[in-house]
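One structure is given below, encoded as structure tokens.
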Amino acid sequence: MAEMNHKSIEELEKDVKKIETDCSFQGSQTRYYYTLEDMMRIFSCGRNTVYKILNTKGFPCLRVGKKYCIPIEPFRKWVNENATAYIATEEKELAVK
């Protein structure tokens, strides 16, 4: 997977909530997806790294013309599943050492 800063699930969720409150959709409109720029803030990484993440097998994103749209709920599910898998892998590696 693309290299990015290692954040805990709690840190990622906090960043996601901040983006939701700071998002460009103000007022009564409901936001259903994140943008590339949102992903850059959530993962604290650059555009090229986000493109690598977006192209990761199983990552929930849609391409609309030249824009990427990342549906919020499938993204949250992906974060939880992949963070859990990452933590399990780290624990196995520590147990072997």
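The values are calculated or read from the model by the stated rules, or taken from the named source; none is laboratory data. Everything quoted here is computed from the prediction, not taken from an experiment. Positions of Cβ are generated from backbone atoms using ideal geometry, with glycine treated the same way; all protein chains shown enter the neighbour counts.
So for the stretch 18-27 (the condition being of a type in the set (A, V, I, L, M, F, W, C), modelled with pLDDT of 90 or more and in a loop (DSSP other than H, G, I, E, B)), does at least one residue qualify? No - not one qualifying residue is present in the stretch 18-27.
Listed by first and then second residue, the pairs with beta-carbon distance under 6 Å, at least 6 apart or on different chains, first residue in the stretch 33-58 and part of a helix (DSSP H, G or I), second among the hydroxyl-bearing types (Ser, Thr, Tyr), are LEU36/TYR68; LEU54/TYR68.
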